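Structure record follows, encoded as structure tokens.
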Amino acid sequence: MTWKDLKHPQAGGAELINEEIAKRLARDGHEVILLVASFPDGEAEEIRDGYKVIRLGNRYTVYWHAYRYYKKRLKGWADLVVDEMNTIPFFCKYYVQEKNILFAHQLCREIWFYQMRLPLNFIGYILEPIYLWLLRDRYVIVVSESTKQDFLRYGFSAERISLIPEGVTMKPMENLDEMGKYPQPTVLSLGAIRAMKRTLDQIHAFEIAKKDIPDLQLKIVGSVSDSYGKKVLRRMVSSDYAKDIEYLDFVDEAKKIELMQKSHLILVTSVKEGWGLIVTEANSQGTPAVVYDVDGLRDSVKDRETGLISKENTPMGLSVVITAALHDSREYARLRENAWLWSKSFQLEKTYQSFYDTIEK
């Protein structure tokens with residue numbers, strides 16, 4: 001049970017991992033059903049790569065619909081129920097008769113104030129530690145040490161938390177000379193433009209860094225769906241360096257890979273991440289990341305080894321690491337190679353095997 005599947009308009013790295021695991025479970029002879037929220041034009045039921053996706057309700061009602069659907073049609077069917085906590089858990093503990101575990105890419109307490117309006121943000125912020133306390137007897141699977149530490153802070157036992165590695169579908173470059181970089185130093189902002197991603201911070205950091213690197217370019221790639229996204233679009237146009245900022249909206253996988261390969265750095269400034277899969281993907285294409293020092297990103301970036309972590313989570317702090325990464329060509333080459341080599345270890349088959357070994361245990 002999870003609120004999004006990979007076809008959902010807001011799908012991200014968590015959904016990619018979920019369905020790569022589901023696909024491999026089906027491949028190995030297991031029956032898998034995903035209960036998820038529906039979305040406009042989404043099919044009610046779908047078979048994909050051997051597993052079934054059932055879409056119910058919407059973002060807010062899927063929890064109630066999943067409960068009813070389970071009671072009417074799935075009670076007693078499964079050997080294991082996975083309650084994926086993506087912002088809010090499904091509270092399977094209280095009504096599922098089968099064994100059940102939690103799966104969490106990240107906890108969301110800080111994110112409530114970026115993604116929800118009053119009073120929902122305050123309600124979510126206050127309730128999260130309460131429902132985590134109620135679920136503290138569950139076994140949990142997480143994808144980063146940061147998320148593990150979050151659960152420990154909320155009273156979960158270390159013996160009941162299993163950490164599995166992330167994996168990427170993107171094939172790493174054969175060699176770092178496979179694709180040349182843009183002629184001018186270029187930083188890339190890639191992903192859905194939402195408040196919790198803090199894209200405005202990236203624009204401001206670019207503007208500050210450009211004073212030290214006059215030919216610096218910024219490419220922003222991602223769909224706009226709310227007022228924050230529209231604010232970002234207005235900020236790009238009004239910038240003193242508007243002619244050096246390019247907005248590409250949504251791009252297909254081939255263009256995404258090309259942008260990652262040709263850009264010099266990827267900027268990631270999320271409030272919080274489970275891991276920061278976009279970092280590892282960019283690394284696989286020969287591009288190191290400069291990031292804020294937050295949960296998930298401090299896991300996916302080894303500071304001063306595979307990328308740079310800002311000492312302050314501010315545009316000024318980010319501009320300092322952008323400038324540091326691009327001013328020293330030998331240091332940049334070292335970061336780039338280290339990031340590329342490390343990315344090769346993030347294989348989805350390892351993610352799946354670790355997940356499978358954990359649920360068997």
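Laboratory data are not the source of any read-out in this text; all were calculated from the coordinates shown. Since the model is a prediction, treat every value here as computed from it, not as a measurement. A quick note on method: Cβ atoms are made from the backbone with ideal geometry, for glycine too, and the neighbour counts reach across all protein chains shown.
Around residue 190, under 15 Å between beta carbons, what's the net of Lys plus Arg minus Asp minus Glu among the other residues?
Once all neighbours under 15 Å are counted, the net charge is -1.
Here are several values of semi-axes √(5λ) of the Cα gyration tensor in Å: [x] 32, 23, 19; [y] 42, 24, 18; [z] 36, 22, 20. Which one was derived from the coordinates shown?
Read-out from the structure maps to [z].
State the Cα centre-to-centre distance between the range 44-88 and the range 244-295 in whole Å.
31
So what's the net charge close to residue 361: Lys and Arg +1, Asp and Glu -1, counting the other residues with Cβ under 15 Å from its Cβ?
Details: positive: 99, 138, 160; negative: 79, 159, 357, 360.
Once positives and negatives cancel, what remains is -1.
Could you list 157, 284 so that the one with the fewest beta carbons within 10 Å of its beta carbon is first and the one with the most is last?
Ordered from fewest to most neighbouring Cβ atoms within 10 Å, 157, 284 come out as 157, 284.
Got a sec to turn the phi values of the range 163-173 into Karplus ³J(HN,Hα) couplings, 6.51 cos²θ - 1.76 cosθ + 1.60 with θ = phi - 60°, whole Hz, x for Gly and Pro?
My calculation for the range 163-173 gives 9, 10, x, 6, x, 10, 7, 5, 6, x, 4 Hz in order.
For the ranges 259-270, 64-75, 331-342, what's the packing order if you count other beta-carbon atoms within 10 Å of each residue, average per peptide, and put the highest first?
On the way: 259-270: 23.4, 64-75: 15.3, 331-342: 17.7.
Ranking the peptides 259-270, 64-75, 331-342 by packing returns 259-270, 331-342, 64-75.
Give the percent of DSSP beta bridges with both residues in the chain that are antiparallel, rounded to the nearest 5. Kindly include the intermediate steps, with their values, before the conclusion.
Values: 5 of 41 bridges.
Taking every DSSP beta bridge within the chain, about 10 percent pair in antiparallel fashion.
Of 265, 333, 351, which is farthest towards the positive pole of the range 239-361's charge dipole, taken about the Cα centre with +1 and -1 on the beta-carbons of Lys, Arg and Asp, Glu respectively?
333
With a ≥ b ≥ c the root eigenvalues of the C-alpha gyration tensor of the range 186-343, is it rounded (a/c under 1.5), prolate (a/b larger than b/c) or oblate?
Rounded, because the longest to shortest axis ratio a/c is under 1.5.
Per-residue ellipticity at 222 nm for the chain, helices alone: DSSP H runs ≥ 4 residues times -39500 (n - 2.57), over residue total, nearest 500 deg cm²/dmol?
When only DSSP H runs of four or more count, the value is -11500 deg cm²/dmol.
Hey, rough spin-label estimate for residue 163 and residue 211, points 7 angstrom out along Cα→Cβ, what's it come to in nanometres?
Calculated label separation equals 3.9 nm.
Scan the range 1-78 for GluC sites (Glu not before Pro) in coil per DSSP, keeping those whose Cβ has at most 14 other Cβ atoms within 10 Å, and list them by number.
Working: sites: 15, 19, 20, 31, 43, 45, 46; in loops: 31, 43.
Answer by residue number: 31, 43.
At 7 Å along the Cα-to-beta-carbon direction for both residue 98 and residue 68, put a label point, then send me their distance in nm to one decimal.
Each label point is offset 7 Å from its Cα along the Cβ direction, giving 2.2 nm.
Of 286, 320, 103, whose Cα points farthest to the positive end of the dipole of the chain (charges on the beta-carbon: +1 Lys, Arg; -1 Asp, Glu; origin at the Cα centre)?
My answer, from the dipole projection, is 103.
Just to confirm my numbers, what's the Cα centroid distance between the range 127-174 and the range 304-330 in Å?
Using only Cα atoms to place each centre, the spacing works out to 28 Å.
Full extension from residue 329 to residue 123: what is 0.36 nm times the residue separation minus their Cα-Cα distance, to one decimal in nm?
Numbers: separation 206, 0.36 × 206 = 74.16 nm, distance 4.85 nm.
Here the segment from residue 329 to residue 123 would lengthen by 69.3 nm.
Quick query: amide H of residue 48 versus all other amide H atoms, modeled in the peptide plane; which residues come in under 5 Å with a sequence gap of 5 or more or a different chain?
Amide H to amide H, under 5 Å and 5 or more residues apart or across chains, residue 48 pairs with 53.
Mean-square fluctuation check for the chain, GNM, Cα pairs under 10 Å: which of 127, 163, 35 is largest?
127
When 147, 314, 351 are ordered from fewest to most other Cβ atoms inside 10 Å of their Cβ, what list results? The partial results should precede the final answer.
Details: 147 25, 314 16, 351 20.
Ordered from fewest to most neighbouring Cβ atoms within 10 Å, 147, 314, 351 come out as 314, 351, 147.
What list of ³J(HN,Hα) values in whole Hz, one per residue of the range 303-310 in order, does the Karplus curve 6.51 cos²θ - 1.76 cosθ + 1.60 (θ = phi - 60°) give from phi, with Gly and Pro shown as x?
4, 6, 10, 10, x, 10, 10, 5
Arrange the following residues from fewest to most other Cβ atoms within 10 Å of their Cβ: 17, 130, 220, 161.
Details: 17 26, 130 10, 220 23, 161 20.
If I rank by nearby Cβ atoms, fewest first, I get 130, 161, 220, 17.
Treating only the Cβ atoms of Lys and Arg (+1) and Asp and Glu (-1) as charged, compute the dipole magnitude of the range 186-343 about its Cα centre; round to the nearest 20 debye. Write out the running numbers ahead of the final one.
On the way: 22 positive and 23 negative charges, 57 e Å.
I would put it at about 280 debye.
Tell me which residues come under 5 Å, amide H to amide H, from residue 103 once H is placed; ignore anything under 5 positions away on its chain.
Under 5 Å from the amide H of residue 103: 83, 84, 85, 141.
Pop a pseudo-label 7 angstrom from the Cα along the beta-carbon direction at both residue 49 and residue 88 and give the gap in nm to one decimal.
My value for the distance between the label points is 2.8 nm.
If I take R0 = 25 Å and measure r between the Cβ atoms of residue 152 and residue 61 in this structure, what FRET efficiency does the formula 1/(1 + (r/R0)^6) give, to the nearest 0.05?
Numbers: r = 32 Å, r/R0 = 1.28.
The computed FRET efficiency comes out at 0.20.
For residue 217, list long-range residues whose amide hydrogen, built 1.01 Å from N in the peptide plane, is under 5 Å from its own amide hydrogen.
Here 186, 187 satisfy the definition.
State to the nearest 20 debye the size of the charge dipole of the chain about its Cα centre, where the only charges are +1 on K and R beta carbons and -1 on D and E beta carbons. Write out the running numbers ahead of the final one.
Details: 50 positive and 51 negative charges, 202 e Å.
About 960 debye.
What dipole magnitude, in Debye to the nearest 20, does the range 1-123 give about its Cα centre under +1 on Lys/Arg Cβ and -1 on Asp/Glu Cβ? Working shown, then result.
Details: 18 positive and 16 negative charges, 93 e Å.
Result for the range 1-123 is approximately 440 debye, rounded to the nearest 20.
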